[in-house]
Amino acid sequence: MTEPGRRAPSGGWRTATVAGVRRPVPRGVELRLDVADRVEHLAGQHYVVRLTAEDSYTAQRSYSVASAPGDPLVELFVERLDEGEVSTYLADVVEPGDELDVRGPIGGWFAWDGARPALLVGGGTGIVPLVAMVRTARELGRTDLLRIAVSTRTLAELPYAGELLAAGALVATTREAHGLRTAGRLTAADLVPLCERGQTAYVCGSAGFAEAASQLLVGMGIPAADVRVERFGPSG
Amino acid sequence: MPGPTRGFLGRRRERDPRLPPGQYDVGRDWPVLTAEPTPRIAPETWSITVDGRVENPTTWTWDEAHLLPRSEYRGDIHCVTTWSKFDTWFAGVSVDTLLEATRPTADAHFVVATSKTGYTTNLPLADVTGGKAWVVWEYDGGPLPVEHGGPVRLLVPHLYFWKSAKWVTRLTLLQRDQPGFWEQNGYHDRGDPWREQRYQGD
């Protein structure tokens with residue numbers, strides 16, 4: 001963390017037109033947004049979505065971008081939280097053609113430049129920014145730079161599961177057996193074969209997952225300064 | 001201001017006046033948002049140094065810091081990710097106490113807080129003086145948990161919480177402002193929640 005942050009792109013408020021809405025997993029929605037006057041992002045960055053009620057009351061939340069910079073649209077994946085004021089709206093109400101106030105890209109730390117080797121470790125919907133990295137690597141023809149391990153309760157709950165498996169991701173399922181694996185969390189034995197010198201590790205998931213995974217990596221001897229962490233708080 | 005979002009009603013109609021704009025009450029939770037692995041720091045290896053534009057640079061060990069006059073904060077904290085937490089209770093030492101001992105020079109106008117991990121954040125000196133900032137090791141009557149910055153963190157509750165550097169070990173006074181970690185990564189230089197200074201340009 002002592003490395004000075006390279007200035008990442010950053011954009012102000014824009015109007016986004018919803019171009020596509022898909023519900024690929026039971027508790028989530030994929031929104032494809034046409035963002036006017038868009039500032040191109042780096043994989044791993046996020047956007048803020050702001051909703052405004054008739055009486056000017058507003059609520060805003062941050063969501064990671066799943067799309068690569070070269071995608072003409074910005075794709076966000078939103079996990080639907082039952083008590084979530086913003087996520088229930090985005091998952092249940094939004095339709096193509098709707099306009100949303102968005103701001104981004106934001107964040108320069110949890111961002112991959114597409115040039116350096118990276119170890120991606122994601123839990124649940126924490127895989128979303130990692131999907132942007134996978135797509136960026138594909139765009140650049142540099143999938144060789146990435147090693148990927150993800151954890152999910154079941155395969156059916158994992159958004160982008162097919163894409164991650166196709167990219168060679170090791171998938172640990174904690175509530176069911178998957179392939180040769182029994183149900184269980186990611187372990188050091190899973191991660192050691194994916195570690196290579198010179199990698200930066202990107203860990204994203206719930207606070208509990210991110211803490212466990214990042215401690216696992218540090219325990220394996222990866223310098224803490226080479227581990228970048230994005231923790232999800234409850235943010236309905 | 002933009003127009004309303006089609007079909008959005010919003011849930012929380014009764015806004016608690018303690019909530020800054022765009023924030024919500026997280027209740028009893030205290031989310032952890034850190035960009036790096038949590039370091040394990042034994043209290044006996046921790047120290048706090050105040051240096052830079054001061055007449056008397058000083059380092060206090062864990063034991064020495066605990067001999068300083070105890071100071072508490074009871075009130076609210078606000079995270080840029082839009083949660084706020086009411087009625088928190090922290091204890092440690094006032095930054096004023098550390099500055100009285102180190103005596104800032106007349107040209108000291110800013111401070112950079114540095115963590116054991118290398119994390120940095122910058123603040124105007126005026127935001128950490130006058131009873132507005134603490135170096136704390138207690139939360140809710142117990143030791144500050146490591147995931148929340150224990151053994152010791154900075155506490156600047158009137159600004160967004162990324163300014164309250166976890167695992168703080170050094171306060172360096174400067175003549176000129178020097179952007180810290182998040183401030184170089186798209187976030188606002190000052191971070192006043194009441195003015196919604198979240199990102200660069202707010």
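We did not get these values from a lab; they are worked out from the coordinates using the rules stated. Values in this document were obtained by computation on a predicted structure and should not be read as measured data. Here Cβ is always computed from backbone atoms with ideal geometry, including for glycine, and neighbour counts include all displayed protein chains.
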Eligible lysines near B:K166 by straight Cα distance, threshold 16 Å, same-chain separation 8 or greater: B:K116
Sequence order, segment A:198-212: Karplus ³J(HN,Hα) from phi using 6.51 cos²θ - 1.76 cosθ + 1.60, θ = phi - 60°, Hz rounded, Gly and Pro as x, gives x, 6, 9, 9, 10, 10, 9, x, 4, 4, x, 4, 4, 5, 4
Heads up, segment A:118-232 by the C-alpha gyration tensor (a ≥ b ≥ c square roots of eigenvalues; a/c under 1.5 rounded, else a/b over b/c prolate, else oblate) looks rounded
FRET E, pair B:D140, A:T143, Förster distance 51 Å, beta-carbon r, rounded to 0.05: 0.60
Loop only by DSSP, 12 or fewer other Cβ within 10 Å of the Cβ. Give me the trypsin sites (Lys or Arg not before Pro) in segment A:126-197 that pass, ordered by residue number. A:R175, A:R197
Rg/Rg_ref, segment B:75-202, where Rg_ref = 2.2 N^0.38 Å and atoms are Cα: 0.99
With label points built 7 Å along Cα→Cβ from the Cα atoms of B:D202 and B:E100, find their separation and express it in nm. 3.4 nm
Just to confirm the filter: which GluC sites (Glu not before Pro) across segment B:1-83 are DSSP coil and have at most 13 other Cβ within 10 angstrom of their Cβ? B:E14, B:E55
Just to confirm the filter: which GluC sites (Glu not before Pro) across segment A:166-223 are DSSP coil and have at most 11 other Cβ within 10 angstrom of their Cβ? A:E196
What FRET efficiency do you get for A:E40 and B:H66 if R0 is 56 Å and r is their Cβ-Cβ distance, rounded to the nearest 0.05? 0.65
On a 0 to 90 degree scale, rounded to 10, what angle separates helix A:128-140 from the longest Cα axis of chain A? 80 degrees
Where the centre of each part is set by its Cα atoms, how far does segment B:82-96 sit from segment B:125-172, in angstrom? 7 Å
Tell me the net charge near B:D189. Cut-off is 13 Å between Cβ atoms, B:D189 excluded, with +1 for each Lys or Arg and -1 for each Asp or Glu. 0
Rounded to a whole number, the mean other protein chain Cβ count within 10 angstrom for residues of B:180-187 is 6
Net charge near A:D34: determine it from the other residues with C-beta under 12 Å of the C-beta of A:D34, scoring Lys and Arg +1 and Asp and Glu -1. -2
Show which aspartates and glutamates lie in cross-link reach of B:K132 when reach means a straight Cα distance below 12 angstrom and same-chain residues fewer than eight apart are skipped. B:E72, B:D96
For peptide B:29-42, how many partner chain Cβ atoms fall within 10 Å of a residue's Cβ, on average? 6
Rounded if a/c is under 1.5, else prolate if a/b is larger than b/c, else oblate: which is segment A:13-106, with a ≥ b ≥ c the root eigenvalues of its Cα gyration tensor? oblate
